[in-house]
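Encoded as structure tokens, the structure appears first; notes follow it.
The values are calculated or read from the model by the stated rules, or taken from the named source; none is laboratory data. Worth saying up front: this structure is predicted, and the values here are computed from it rather than measured. Glycine gets a Cβ as well: all are built from the backbone with ideal geometry, and neighbour counts include every protein chain shown. Ligands, DNA and RNA are stripped out before the accessible areas are found, and what is left, the full protein with its side chains, is counted by its heavy atoms. Shrake-Rupley method; radii C 1.70, N 1.55, O 1.52, S 1.80 Å.
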Amino acid sequence: MLYKQQVDIIIPVHNSEKYLSDCLKSIDNQEYNKINVIIINDGSIDESEKIINSYVHSSRFNVKYFAFQEPQGVSVARNKGIELSSGEFVTFVDSDDIILPNHVKTLVHNMTENVSLSAVYTSKSDLSRNMKGKSKVLSLSDSFISVLSSKGVEGYVWNKLFRNKFLQKYHIQFKQNIVMSEDLLFVCDYLLKVSGNMRMSSNQSYYYRINNTSVTKSSSAEEARIQSQYLVYTLIEKAVSESSLNPKAVKVFYEKLMLFLNYALYRLGYNEQSQQIALLLKKLESKYLISFFMSSAIMSKEKMGYLYRKVKGGSYEP
């Protein structure tokens with residue numbers, strides 16, 4: 001029976017004392033009972049460890065706890081969680097977020113034998129009115145489009161359920177040198193290596209808390225994030241070229257790449273890297289510019305932002 005299969009919930013924690021108790025409480029309130037909680041403390045120096053130790057002794061679920069003495073980054077923490085996992089399914093929860101009681105149950109219910117990935121929508125507002133939703137199975141190509149699109153389930157890992165046997169078989173892990181969009185790379189890597197499909201539920205059972213205080217806003221930090229995203233898209237492009245995705249999915253990938261390059265060029269200004277970006281964007285626009293503005297996978301506000309940055313940024317002729 002599907003409901004007897006173990007789900008491992010991996011929670012990376014770094015100085016999360018403000019919201020951690022709420023997060024752990026929402027996990028203990030799950031309607032699904034076969035849960036193994038894996039907490040990775042990534043060198044926290046606040047009260048997070050005290051909260052975790054209390055939870056280890058009070059939780060109704062089995063809890064595995066591992067602590068790094070020094071911060072290693074979320075990718076290393078999640079990889080450690082995968083290493084410690086033993087269940088049939090794996091999902092992730094960020095330590096400042098909360099999940100509704102039906103969250104894990106919904107993900108497992110949708111993980112039928114013919115499905116490789118289960119996903120729900122996320123919410124950045126009130127979850128109370130989003131208790132029920134319909135689900136549908138998407139092909140590999142349509143799953144890929146939904147992961148890329150802001151109108152779909154997007155590229156997060158924490159609103160999805162993965163089959164652990166595939167994570168182990170294909171050695172799927174988070175890239176440690178990626179500081180931005182590491183989730184997107186992980187999900188795309190999983191989909192394209194497994195070459196399976198996804199069941200997507202319109203249920204919004206995951207509340208993503210926007211934590212602006214955790215984002216460093218210096219120009220050097222932003223440049224590092226852009227470089228990281230550029231690497232992510234480069235790696236995904238290589239995987240796409242070797243995949244069985246249909247032409248529509250490939251087109252949507254390049255439309256999303258255009259959107260990123262347009263933003264990167266606007267934010268970076270003119271330097272050696274921006275010249276390379278400008279050349280690539282010009283090449284993609286010559287092929288995909290019309291389809292970009294007609295694409296159903298690109299939101300209207302994203303198209304308007306593209307035009308705004310293109311006008312404000314001036315000419316990017318190399």
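The table below lists the values:
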| item | result |
| --- | --- |
| Tally, over region 1-18, of residues that are more than 21 Å from the chain's Cα centre (by Cα) and either open to solvent by less than 60 Å² (accessible area, probe 1.4 Å) or hydroxyl-bearing (S, T, Y) (or both) | 4 |
| Single condition F292 does not satisfy, out of (1) open to solvent by 80 Å² or more (accessible area, probe 1.4 Å); (2) among the hydrophobic types (A, V, I, L, M, F, W, C); (3) at pLDDT 95 or above | (1) |
| Matching entry among M180, M200 (being within 16 Å of the chain's Cα centre (by Cα) and within 25 Å of H103 (Cβ to Cβ)) | M200 |
| Given (1) surrounded by 15 or more Cβ atoms within 10 Å (Cβ to Cβ); (2) within 25 Å of the chain's Cα centre (by Cα); (3) at pLDDT 90 or above, index of the condition L268 fails | (3) |
| Residue count for region 80-124, restricted to those that are open to solvent by 10 Å² or more (accessible area, probe 1.4 Å) and within 14 Å of the chain's Cα centre (by Cα) | 3 |
| Region 4-38, residues that are in a helix (DSSP H, G or I) and charged (D, E, K, R) | K4, D22, K25, D28 |
| Cβ pairs under 7 Å, 6+ apart, first in region 186-204 and in contact (Cβ under 8 Å) with a residue 40 or more places away in the chain and over 14 Å from K105 (Cα atoms), second open to solvent by less than 30 Å² (accessible area, probe 1.4 Å) and charged (D, E, K, R) | V187/K160 |
| Residue within region 39-50 that is charged (D, E, K, R) and in a helix (DSSP H, G or I) present | yes |
| Unmet requirement for I210, which otherwise passes all of (1) of a type outside the set (D, E, K, R); (2) assigned to a loop (DSSP other than H, G, I, E, B); (3) modelled with pLDDT of 90 or more; (4) over 18 Å from G81 (Cα atoms) | (3) |
| Members of region 161-177 found to be under 21 Å from L235 (Cα atoms) and open to solvent by less than 10 Å² (accessible area, probe 1.4 Å), listed by number | F162, L167, I172, F174 |
| Which numbered condition S220 misses (of (1) modelled with pLDDT under 90; (2) part of a helix (DSSP H, G or I); (3) under 25 Å from S95 (Cβ atoms)) | (3) |
| Residue check for S44: polar (S, T, N, Q) and within 26 Å of I172 (Cβ to Cβ) | no |
| Selection within region 19-29 - open to solvent by 60 Å² or more (accessible area, probe 1.4 Å) and not hydroxyl-bearing (S, T, Y) | D22, K25, N29 |
| Members of region 30-67 found to be under 20 Å from V157 (Cβ atoms) and open to solvent by 40 Å² or more (accessible area, probe 1.4 Å), listed by number | K64, F66 |
